[in-house]
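What follows is a set of notes on a single structure, which appears directly below.
The values are calculated or read from the model by the stated rules, or taken from the named source; none is laboratory data. Everything quoted here is computed from the prediction, not taken from an experiment. All Cβ positions, even for glycine, are placed from backbone atoms using ideal geometry, and neighbour counts span all protein chains on display. Only protein heavy atoms, including side chains, enter the accessible area calculation; ligands, DNA and RNA are left aside. Shrake-Rupley method; radii C 1.70, N 1.55, O 1.52, S 1.80 Å.
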Amino acid sequence: LDPEVLRASWASVVARHDTLRTAFVWDGLDDPLQVVRAEVEHPWEHIDLTGVPEADRDGEIARILALDRDRGFDLAAAPLSRMLLIRTGDEQWEWVWTFHHLIADGWSAQILLDELFGTYRASVDGRPVTLPGQPRYRDFVAYYLDRATEAERDYWTRRLAGYAEPLDLSVPGLPASAGSTGYRTEYRSLDQAMSADLAALARSHQVTLNTVFVAVWALVVGRWARTKDVVFGTTVAGRPPGLGTAERATGLFINTLPTRVSLPPAQRLGALLNDIQRGQLDDRRHELVSLADVQRWSDVPSGESLFESIVVFENYPPGGGRRLGDSITLGPARHIEQSNYPLAVLVIPGDEIRLGVVHDRSRFSEAAVD
C-alpha cells in the first residue's frame, strides 16, 4: 500500500463531493443551514503499531477506536469526516473512516469508496482518472422543498389513525443490567441454504426479500408487545425517481418512516406478505415527508416516539469493484454504528444473509437481543 497515494486519492474525492466539505450552522439563524466550504483540509492520521507486541495490538487498536468515537464531531466545522491509517505489520494495515451520518448514508458511502479505489488504481497505474459528472445535493434540497405536503399529511393521518400508544418492547424476564450504557452491535449470519430458502420464499409470493424481513420483524414485535397492531420504523433510500441523477448523488438521502402491520391470527403467510408489500408501495409514494411531521399528525401524544425499533435493509446498487490493485487484498469490513433508536435491526443481503442488531444497553440486555 502507498499511503501517500491513498491520501491524495481521497483528497481528490473530497474536492469533487460537496457533502465531504459540508458543515451545519444554526446559531442566530431562523432555520439551520448546510454550508459547503470551497476547500477543506481533510483530517488524515497515520499511526504505526509495528513496534507494539503482536499480542497487544488488538487491544491497542480497540483503545484507539474508542478514543476516536469519543471525539465526536463539531457540526459547524467541516469536514464531518476523518481518516485513520494504522500500520500493524510490514505489509498490513487497518484503515478507519469515521464520518457523521448527516453527510452520507450507506449508498453514498459506497459511491465515495468506489471513486477512492478507482482513483487509487488509476494513480498507481499512471492512468488518467475518468469519473462521471457529480450531481449536486442542492438539487435534491430544491426538489424536497418544492413538493406538495397536503397529500402527505392526509396520507399519514389515515395510515396511523387509531394508533395512539407506542409499543413496549421490553422482553419479559430479561431486563437490562443496572448501570449499562452505550450501544452494542450483535451480528449473526444465516447459512447459504437458509438464505436461499428465504429468497425462494420471496419469489414464490412475488414480494421482495425486504418484505419478508419486515414480516418477520412484525411477528417478533407483535409477540413481544402482545398486540396484533404493530408499528415500527423502516429506513428507505429516499432517492426520488423524479430527480434523474439521484442514484449518483452523495449526501444524506435516507429517511425512516413508520410501517404499520396488522397481524390477524388466522391470516396465511402469503396474504400477510402481500399486504405488507402493498402497504410499503403506498408508503414509498409519500416517503419524502419529515418523520417529525408524521409524528405530529399521528394520535401518539406529543413528546413520545412513534416507535422504538427500526428495520434497515441494506440494499445498495452494485459497486464498482473494491480493489486497490492486484497486489493488495482487502479484508472484511467492520461497521460500528450508533442509532437514535433503542433497537435497530440490520439486514445485509447476500449468499449468506447477515443480520445485525444495534441496541441501547441501558434498555436491552445482551440476553434479550440474543
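Would you call PHE73 touching a residue at least 60 places away in the same chain (Cβ under 8 Å), over 17 Å from LEU112 (Cα atoms) and not charged (D, E, K, R)? No, not satisfied. Once the range 338-358 is narrowed to residues that are more than 24 Å from SER195 (Cα to Cα) and touching a residue at least 12 places away in the same chain (Cβ under 8 Å), the residue that is surrounded by the fewest Cβ atoms within 10 Å (Cβ to Cβ) is GLN338. Working only within the range 63-105, note down all residues that are under 16 Å from GLU45 (Cα atoms), out of contact with any Leu (no Cβ under 7 Å at 6 or more places or on another chain) and of a type in the set (A, V, I, L, M, F, W, C). Residues satisfying the conditions are ILE64, LEU65, ALA66, LEU67, MET83, LEU84, LEU85, TRP97.
Within the range 268-284, restricting attention to residues that are in contact (Cβ under 8 Å) with a residue 12 or more places away in the chain and within 21 Å of the chain's Cα centre (by Cα), the residue that is least open to solvent (accessible area, probe 1.4 Å) is ASP283. Pairs meeting the criteria (first residue in the range 52-66 and closer than 22 Å to ARG82 by Cβ, second residue surrounded by 15 or more Cβ atoms within 10 Å (Cβ to Cβ) and among the polar types (S, T, N, Q), beta carbons under 8 Å, at least 6 apart or on different chains) are ARG57/THR88; ILE61/THR88. In the range 87-99, the condition of being touching a Ser or Thr at 6+ places or on another chain (Cβ under 8 Å) and β-branched (Val, Ile, Thr) is met by at least one residue.
For ALA15, the conditions (1) under 25 Å from the mean Cα position of the chain (by Cα); (2) open to solvent by less than 60 Å² (accessible area, probe 1.4 Å) are fulfilled apart from (2).
Here the range 268-293 is the region considered, the condition is being part of a helix (DSSP H, G or I) and of a type in the set (Lys, Arg), and the residue that is farthest from HIS17 (Cα to Cα) is ARG278. Checking TRP297 against (1) under 20 Å from TRP107 (Cα atoms); (2) over 19 Å from the mean Cα position of the chain (by Cα), which test does it fail? Only one criterion in (1) under 20 Å from TRP107 (Cα atoms); (2) over 19 Å from the mean Cα position of the chain (by Cα) is unmet by TRP297, namely (1). Please indicate, with yes or no, whether at least one residue in the range 126-133 is among the β-branched types (Val, Ile, Thr), over 27 Å from the mean Cα position of the chain (by Cα), modelled with pLDDT of 90 or more and open to solvent by 60 Å² or more (accessible area, probe 1.4 Å). No; the residues of the range 126-133 include none that is among the β-branched types (Val, Ile, Thr), over 27 Å from the mean Cα position of the chain (by Cα), modelled with pLDDT of 90 or more and open to solvent by 60 Å² or more (accessible area, probe 1.4 Å).
Out of all the residues in the range 72-87, is one or more open to solvent by 40 Å² or more (accessible area, probe 1.4 Å), of a type outside the set (A, V, I, L, M, F, W, C), closer than 27 Å to ARG121 by Cβ and modelled with pLDDT of 95 or more? Looking for residues that are open to solvent by 40 Å² or more (accessible area, probe 1.4 Å), of a type outside the set (A, V, I, L, M, F, W, C), closer than 27 Å to ARG121 by Cβ and modelled with pLDDT of 95 or more, one finds at least one in the range 72-87, hence yes. For the range 57-64, indicate whether the set of residues that are out of contact with any Phe, Trp or Tyr (no Cβ under 9 Å at 6 or more places or on another chain) and within 30 Å of ARG16 (Cα to Cα) is non-empty. Yes.
Only one of the numbered conditions (1) under 30 Å from GLU54 (Cβ atoms); (2) touching a residue at least 12 places away in the same chain (Cβ under 8 Å) is not met by GLN92, and that is (2).
Summed over the range 114-125, the residues that are under 17 Å from ASP18 (Cα atoms) and open to solvent by 30 Å² or more (accessible area, probe 1.4 Å) give a count of 1. Note on the range 294-319: residues that are of a type outside the set (S, T, N, Q) and either assigned to a helix (DSSP H, G or I) or surrounded by 14 or more Cβ atoms within 10 Å (Cβ to Cβ) (or both) amount to 13.
Conditions (1) modelled with pLDDT under 95; (2) under 30 Å from ARG184 (Cα atoms), marked per residue:
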{"residue": "ASN274", "(1), (2)": "no, no"}
{"residue": "GLY279", "(1), (2)": "no, no"}
{"residue": "ILE310", "(1), (2)": "no, yes"}
{"residue": "ASN315", "(1), (2)": "yes, yes"}
{"residue": "LEU330", "(1), (2)": "yes, yes"}
{"residue": "SER339", "(1), (2)": "yes, yes"}
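Considering ALA109, ALA62, which residue is surrounded by 12 or more Cβ atoms within 10 Å (Cβ to Cβ) and under 24 Å from the mean Cα position of the chain (by Cα)? The conditions single out ALA109. Kindly evaluate TRP26 against the criterion of being open to solvent by 60 Å² or more (accessible area, probe 1.4 Å) and aromatic (Phe, Trp, Tyr). It is true that TRP26 is open to solvent by 60 Å² or more (accessible area, probe 1.4 Å) and aromatic (Phe, Trp, Tyr).
Of the numbered criteria (1) under 25 Å from the mean Cα position of the chain (by Cα); (2) within 15 Å of LEU288 (Cβ to Cβ), the one TYR187 fails is (2).
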